[in-house]
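Heads up, the thing below is written out as structure tokens.
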Amino acid sequence: MKTLLTTTLLLFLLLVSCKGKDKNSACKGEKEGAVCKMTAGEMKSGSCDMGQKEKGGHPKIETQKEDVGRIAKVDGGITLADLFAHVNDYQGKTVLIRGKVVKINYGILNKTWIHIQDGSGDDLTVTTTSSAPKKGDIVIVKGVFAKDKDIGMGYQFKGIIEDAQVTIEK
């Protein structure tokens, strides 16, 4: 069951994220930002260009850095810059972070996948079932931080908070 869910997530990420920049890509000839139409074999081989490749030819998952301004640190919390500067200190610990939602995907593996930024230049992936923010919302995230998380099929996150409590600020 876990393999099926992971495969579904990966297929979705490949289909919605391909930008067709590489002339050898299965997406060649598509407009920038177009959905890549690939065969299962092309998806498996990682031939859809999404930017840099990780080991095994799998696409590197990145979110475009946005100008979100400076998001103030939540009382009792940390900034993304502090989190990523001290990943070993925060590994496996509960953290509290305020950020702006810059990317969101609903219903992948029965979770909402959120990318937040706070103006530090860092991006954090968060999964939740507790709320459904929209792109542009300011949120407070509380959960256990994991560094270098591998979700299978070669997809890794520099840092992630899974099953987080997400509170949308008014």
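The values are calculated or read from the model by the stated rules, or taken from the named source; none is laboratory data. For clarity, every value in this text was computed on a predicted model and none was experimentally measured. Please note: Cβ atoms are built from the backbone with ideal geometry, for glycine as well, and neighbour counts cover all protein chains shown.
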- Message: I'd like the full set of residues that are among the hydroxyl-bearing types (Ser, Thr, Tyr) and farther than 17 Å from GLY76 by Cα, limited to the stretch 136-170.
- Response: TYR155
- Message: Please verify whether THR94 is of a type in the set (Ser, Thr, Tyr) and at pLDDT 95 or above, treating the condition exactly as stated.
- Response: yes
- Within the stretch 121-153, of all residues that are among the hydroxyl-bearing types (Ser, Thr, Tyr) and crowded, with 18+ Cβ neighbours inside 10 Å, the one nearest to the chain's Cα centre (by Cα) is THR125
- Does ILE104 satisfy the criteria of being at pLDDT 90 or above, over 15 Å from the mean Cα position of the chain (by Cα) and not charged (D, E, K, R)? no
